[in-house]
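Taking it in order: structure first as C-alpha cells, then the write-up.
Computed from the coordinates by the stated procedures, all read-outs in this text should not be read as laboratory data. Here the structure is a predicted model, which is why all the values come from computation and not from measurement. Positions of Cβ are generated from backbone atoms using ideal geometry, with glycine treated the same way; all protein chains shown enter the neighbour counts.
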Amino acid sequence: MITPLPDRCDLCGACVAICPASALTLGESLLVDHKRCIECMRCIKVCPVAALEYVNRISAKPALSSARAPLQKYQSDVIVIGGGPAGSLASLHAVKNGVTVNLVERRADVGVPVRCGEGIGKKRRFPDHAGAAGMDQEHH
C-alpha cells in the first residue's frame with residue numbers, strides 16, 4: 001500500500017502526473033485511492049522529497065521508500081531553475097544558440113496551471129507614437 005508522508009510532501013504533483021491508474025490526487029494534501037492503485041511504485045521513484053513509501057499490507061512495515069530512489073545525472077552547459085515564463089524563454093533562447101540546457105521545474109507539467117497572467121487587466125500602458133509619456137489603450 002502506497003502511503004504519503006504529509007510532513008515531507010510539498011504538493012509538487014510529480015507523483016500525480018506519473019500515476020498510470022490515476023490513484024493519486026492533490027488537494028490540501030496528497031490522497032491515495034487504494035482501490036485504484038496498482039502498486040507500480042512509479043510515484044515513489046519520481047518523488048523528489050521522499051514523501052511516499054510502500055507499506056507491506058501483511059507486516060505493516062515500510063518495504064520501499066522514495067528516499068531510496070536513485071538520483072539521475074544530467075550533463076548540460078546551462079541549468080535553468082524554474083520553468084515559468086522567464087525560465088522557459090531563457091531555455092529556448094539558449095537552445096537556439098546551440099547551448100545544451102537542463103530546465104529544472106518542481107512541478108510535473110511546465111505551464112500548468114497558468115500562473116503568470118493573473119495580474120494583467122484589460123488595459124495596458126503603451127507609449128504613443130509621438131513620443132508622449134503614454135496613454136491607456138484597450139488590448140484585444
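Okay, here's what the table says:
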| quantity | calculated |
| --- | --- |
| Theoretical FRET efficiency, 1/(1+(r/R0)^6), r = Cβ-Cβ of Asn56 and Ala17, R0 35 Å, to 0.05 | 0.85 |
| Extension gain from Glu28 to Ser76, taking 0.36 nm per residue of separation minus the Cα-Cα distance | 13.7 nm |
